[in-house]
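Here is the structure we will look at.
The values are calculated or read from the model by the stated rules, or taken from the named source; none is laboratory data. Remember, it's a predicted structure, so these values are computed and weren't measured experimentally. Ideal geometry is used to build each Cβ from the backbone, glycine not excepted, and the neighbour counts take in all protein chains shown.
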Amino acid sequence: MTRVCVIGLGYIGLPTAALAARHGMRVFGVDVNAAVVAALNAGRTHLHEPDLDGLLRRVVTEGMLTAHATPQPADVFIIAVPTPLAEGRRPMLDHVHSAVRALAPVLARGNVLILESTSPVGTTAGIARMLAALRPDLGVPGVAEAPDIALAYCPERVLPGRIIVELVENDRCVGGITPACAEAAARFYEGFVRGEVLRSAAATAELVKLTENAFRDVNIAFANEMSLVAEKAGVDVWELIRLANRHPRVNILQPGPGVGGHCIAVDPWFIVDAAPEEARLIRTAREVNDHKAEHVRARVGEAARAMPQAPITCFGLAFKADVDDLRESPALEIARHLAADFPGRLAVVEPFVRAAPPGLDAPLIDLPEALQRRGIYVLLVDHTAFRRVPPESLAGRRVIDTRGVWGVSPGVPPSAS
Ligand code: SAJ
């Protein structure tokens with residue numbers, strides 16, 4: 001039976017561990033957070049993700065998945081730890097490096113080590129050099145002529161909310177330090193992935209991941225920029241995009257209050273950091289998307305000053321529809337600023353959150369209560385519950401709809417909304 005050790009039990013590591021266990025592998029999950037380890041051993045998860053709960057309970061009960069504080073001997077090691085932005089928008093690789101130091105002592109001949117964390121080009125090659133220093137007794141690919149282990153990079157590309165489905169269905173790109181490394185890592189994924197597993201080099205696979213998210217960021221920036229252009233021209237941006245998209249080779253994404261989440265709002269900076277002169281469009285797209293949140297805040301500010309007694313209600317804090325994830329959320333940032341700019345006037349409705357997050361000085365109310373309020377409505381997240389709000393509940397309110405779900409466009413003059 002293949003033994004797998006997954007280091008980092010977050011949104012990627014935990015579902016991957018559960019799926020591998022479900023496919024007959026003996027999995028050891030490792031996390032530095034003792035609460036995560038304890039919860040997992042009790043069959044519980046700290047994440048909200050469709051289908052994950054039942055899957056976990058099953059593999060934990062069967063004894064196929066156990067959680068640990070430190071790496072355990074295994075055949076395949078997967079590193080799935082966060083790589084956030086550090087000071088100066090530089091990639092922070094400390095968690096990856098700690099994981100490598102933690103697993104190095106238990107690494108053995110014949111093992112496969114796969115990095116899944118989003119990483120700048122050269123990170124996997126850097127791990128090879130680290131391992132060569134930490135384990136001089138092992139032949140490390142890229143360093144030794146006759147490698148004893150395989151080392152590869154394989155980015156995840158799953159969409160939060162669809163993680164379990166996409167882990168199985170999506171194609172994977174596996175980049176090895178050598179072709180033999182790619183082959184060994186690809187065979188592991190072929191144990192549970194129904195999509196195609198494509199072999200490449202480590203540096204290419206690292207850049208593939210960054211490219212995918214930068215591509216999406218640039219495309220969303222185009223939509224956000226057009227929303228500003230349309231607003232200035234007094235044109236309904238949603239109708240504009242709907243009509244432009246009837247062209248057979250045009251497919252514009254949707255504008256919003258900015259771009260959030262721990263991936264798309266972060267990863268393009270890894271490219272800019274490595275190629276600041278070359279990545280001009282990618283940098284500008286990031287700036288356009290960040291600016292959109294400031295624009296929304298300014299626009300709500302204008303309305304709030306024009307209606308000095310009016311209560312303000314923000315609909316949504318999450319970074320996107322129907323998730324509870326607040327990381328890098330432009331909605332949360334906008335709400336925080338509005339609460340500070342207009343003390344005592346703001347209330348927030350976010351069905352996916354139980355208590356107001358730190359730094360948000362405004363009461364969290366439920367949807368029926370929110371719809372009793374008058375004044376200014378700011379739609380920040382296109383949650384399904386908000387889509388179902390009947391038009392009559394909006395009557396007489398000043399509506400600023402950043403997602404186009406209530407049929408009210410920022411391009412339409414205020415009197416019409
Ligand atoms: N957004 C818009 N307009 C759109 C689409 C998205 O404003 O038309 C906003 C969302 O509201 C959100 C942000 O962009 O704030 C990102 O949302 P998303 O649904 O585009 O992506 P994520 O962050 O949930 O997941 C992305 C995915 N990457 C791509 O689609 C290229 C996913 O496949 C990756 O696995 C994930 O990043 C990751 O982990 O890197």
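Only residues in region 210-225 that are within 18 Å of F270 (Cα to Cα) and part of a helix (DSSP H, G or I) count as the first member; pair them with residues that are among the basic types (K, R) and more than 9 Å from the ligand (Cβ to nearest atom), Cβ under 7 angstrom, at least 6 apart or cross-chain, and list the lot.
Note: pairs meeting the criteria are D217/R286.
Quick one: how many residues across region 96-133 are over 22 Å from M1 (Cα atoms), surrounded by fewer than 17 Cβ atoms within 10 Å (Cβ to Cβ) and touching a Gly at 6+ places or on another chain (Cβ under 9 Å)?
Summing the residues that are over 22 Å from M1 (Cα atoms), surrounded by fewer than 17 Cβ atoms within 10 Å (Cβ to Cβ) and touching a Gly at 6+ places or on another chain (Cβ under 9 Å) in region 96-133 gives 3.
Quick check on region 158-179: of everything there that is among the hydrophobic types (A, V, I, L, M, F, W, C) and not in a helix (DSSP H, G or I), which residue is nearest to L19 (Cα to Cα)? Before the answer, list the steps.
Here is the first cut: in region 158-179, the ones among the hydrophobic types (A, V, I, L, M, F, W, C) are 158-159, 163-165, 167-168, 173-174, 177.
Next cut, not in a helix (DSSP H, G or I) only: 158-159, 173-174, 177.
Numbers: V158: 14, L159: 16, C173: 18, V174: 18, I177: 26 Å.
Checked region 158-179; the qualifying residue nearest to L19 (Cα to Cα) is V158.
Would you mention how many residues in region 240-296 are within 11 Å of the ligand (Cβ to nearest atom) and in a loop (DSSP other than H, G, I, E, B)?
Residues meeting the conditions: 16.
Can you pull out every residue in region 140-171 that is surrounded by fewer than 16 Cβ atoms within 10 Å (Cβ to Cβ) and free of Cβ contacts under 8 Å to residues at least 60 places away in the same chain?
Within region 140-171, A144, E145, A146, L159, E169, D171 qualify.
Report yes if G407 is out of contact with any helix residue (DSSP H, G or I) (no Cβ under 7 Å at 6 or more places or on another chain) and modelled with pLDDT of 95 or more, otherwise no. Quick ask: steps written out before the conclusion?
Details: out of contact with any helix residue (DSSP H, G or I) (no Cβ under 7 Å at 6 or more places or on another chain): yes; modelled with pLDDT of 95 or more: no.
No; evaluated as a whole, the condition is false for this residue.
Evaluate region 160-173: report whether one residue or more is out of contact with any Asp or Glu (no Cβ under 8 Å at 6 or more places or on another chain), of a type in the set (D, E) and under 24 Å from V208 (Cα atoms).
Going through region 160-173, the residues out of contact with any Asp or Glu (no Cβ under 8 Å at 6 or more places or on another chain) turn out to be 162, 166, 168-170, 173.
With of a type in the set (D, E) added as a condition, the list becomes 166, 169.
Then keep just the ones that are under 24 Å from V208 (Cα atoms); that gives 166, 169.
There is at least one residue in region 160-173 that is out of contact with any Asp or Glu (no Cβ under 8 Å at 6 or more places or on another chain), of a type in the set (D, E) and under 24 Å from V208 (Cα atoms).
Could you figure out which of (1) in contact with a strand residue (DSSP E or B) (Cβ under 8 Å, 6 or more places away or on another chain); (2) closer than 30 Å to P276 by Cβ isn't true of C5?
Every listed condition holds for C5 apart from (2).
Just the residues that are touching a residue at least 12 places away in the same chain (Cβ under 8 Å) and aliphatic (A, V, I, L, M), please, taken from region 236-278. Lay out the reasoning, then the answer.
Filtering region 236-278 for residues touching a residue at least 12 places away in the same chain (Cβ under 8 Å) gives 236-241, 252-274.
Scanning region 236-278 gives V237, L240, I241, I252, L253, V259, I264, A265, V266, I271, V272, A274.
As an exercise: evaluate D273 against (1) of a type in the set (D, E); (2) more than 24 Å from T211 (Cβ to Cβ); (3) surrounded by 15 or more Cβ atoms within 10 Å (Cβ to Cβ); (4) modelled with pLDDT of 95 or more and give the number of the one condition it does not meet.
(2)
Can you tell me which residues in region 307-346 are among the polar types (S, T, N, Q), part of a loop (DSSP other than H, G, I, E, B) and away from the ligand (no atom under 12 Å from the Cβ)? Explain how you work it out, then say what you get.
Taking region 307-346 and keeping what is among the polar types (S, T, N, Q), we get 309, 313, 329.
Next, from what is left, pick out any that are part of a loop (DSSP other than H, G, I, E, B): 309, 329.
If the condition is that a residue be among the polar types (S, T, N, Q), part of a loop (DSSP other than H, G, I, E, B) and away from the ligand (no atom under 12 Å from the Cβ), then Q309 is the only one that fits.
Just to be sure I understand, how many residues within region 178-229 are touching a Phe, Trp or Tyr at 6+ places or on another chain (Cβ under 9 Å) and at pLDDT below 95?
0
For region 180-209, name all the residues that are small (G, A, S) and either more than 15 Å from the ligand (Cβ to nearest atom) or assigned to a helix (DSSP H, G or I) (or both). Quick ask: steps written out before the conclusion?
Kept after step one, since they are small (G, A, S), are these residues of region 180-209: 180, 182, 184-186, 191, 195, 200-203, 205.
A180, A182, A184, A185, A186, G191, S200, A201, A202, A203, A205, listed by residue number.
Could you list, in sequence order, the residues of region 189-206 that are buried (at least 22 other Cβ atoms within 10 Å of the Cβ) and within 22 Å of I264 (Cβ to Cβ)?
Listed by number, the residues that qualify are A205, E206.
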